[in-house]
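Colleague: First, the structure itself, so that you have it in front of you.
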Amino acid sequence: MREPAVLLLIAIAGVVVSGIQPYERGTWWLEVAPVLIAAPILIATYRRFPLTPLAYRLLCLHALILCLGGHYTYAQVPLGFWMQELFGWSRNHYDRIGHFAQGFVPAIIAREVLLRTSPLRRGKWLFFLVCCVCLAFSAVYEFVEWWAALIGGESAAAFLGTQGDQWDTQSDMLMALLGAILAQLTLAGVQDRQLTRMGAGDADACN
């Protein structure tokens, strides 16, 4: 069985397990919705536009982060409480992990798509534009949270997960930006080598 298929099965298992008696069903649907939307798209485009192994692995990890947050709600995830006690924080910061991943993983996806479908090459402009894409994605997600708060009730409040932090939106977007920056600084070389092995272009053409 190919690795993408294994990763898909892991993500599906994560969705199924997280959906067993979640803390709040409405919040669960809102949190796992990106997984339910992305999985069919990735399956449909696998033969025509396969991604690098790195991208698929990160997408699977991100799916599991979302599933865990969906099961407990971000404010109630045990890992966040453990970190809160360990570091003496005033709140459960698991949502910061989620928003960091929201920048880290899309950065790799955006970088790959731009390298393979645009004239952009490796350098400052690519780095900058990938960060812009991730910030835009984070901003859209904040709008979704806002609309959910206007439409929903208790489930929307749990989905927002502000925990009384008036700067929650800004902090979320900052974490996404930091994730996008760190992803490019640490994984660009790995991604480039995988693109070359896939035949997506030589060292210059795919960058």
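Colleague: Quick one: count up the residues across region 136-151 that are open to solvent by less than 10 Å² (accessible area, probe 1.4 Å) and aliphatic (A, V, I, L, M).
Modeller: 0
Colleague: Considering only region 6-37, state which residues are open to solvent by 40 Å² or more (accessible area, probe 1.4 Å) and of a type in the set (A, V, I, L, M).
Modeller: Residues satisfying the conditions are Val6, Leu8, Leu9, Ile10, Ile12, Ala13, Val16, Val17, Ile20, Leu30, Leu36, Ile37.
Colleague: Restricting attention to region 165-188, report how many residues are open to solvent by 30 Å² or more (accessible area, probe 1.4 Å) and within 20 Å of the chain's Cα centre (by Cα).
Modeller: Here the count works out to 13.
Colleague: Here is a follow-up. Quick one: in region 71-89, of everything that is open to solvent by less than 70 Å² (accessible area, probe 1.4 Å) and outside any loop (DSSP other than H, G, I, E, B), which residue is farthest from Thr117 (Cα to Cα)?
Modeller: Among them, the one singled out is Gln84.
Colleague: Scan region 90-114 residue by residue and report those that are in a helix (DSSP H, G or I), in contact (Cβ under 8 Å) with a residue 60 or more places away in the chain and either surrounded by fewer than 19 Cβ atoms within 10 Å (Cβ to Cβ) or among the acidic types (Asp, Glu) (or both).
Modeller: Asp95, Glu112
Colleague: Name, by its number, the condition in (1) under 27 Å from Ala136 (Cα atoms); (2) part of a loop (DSSP other than H, G, I, E, B); (3) at pLDDT 95 or above that does not hold for Ile37.
Modeller: It fails just one condition, (2).
Colleague: Residues Leu51, Leu68: which one is surrounded by fewer than 22 Cβ atoms within 10 Å (Cβ to Cβ) and within 18 Å of the chain's Cα centre (by Cα)?
Modeller: That would be Leu68, the only listed residue that is surrounded by fewer than 22 Cβ atoms within 10 Å (Cβ to Cβ) and within 18 Å of the chain's Cα centre (by Cα).
Colleague: Can I ask one more? Which pairs turn up if I take residues in region 115-135 that are open to solvent by 100 Å² or more (accessible area, probe 1.4 Å) and look for partners that are at pLDDT 95 or above and of a type in the set (Asp, Glu) with beta carbon separation below 8 Å, at least 6 apart in sequence or on another chain?
Modeller: Taking only residues 6 or more apart or on different chains, the pairs are Arg122/Asp192.
The values are calculated or read from the model by the stated rules, or taken from the named source; none is laboratory data. Everything quoted here is computed from the prediction, not taken from an experiment. Using ideal geometry, Cβ is built from the backbone for each residue, glycine included, and neighbour counts are taken over all protein chains shown. With ligands, DNA and RNA removed, areas are computed over all heavy atoms of the protein, side chains included. Shrake-Rupley method; radii C 1.70, N 1.55, O 1.52, S 1.80 Å.
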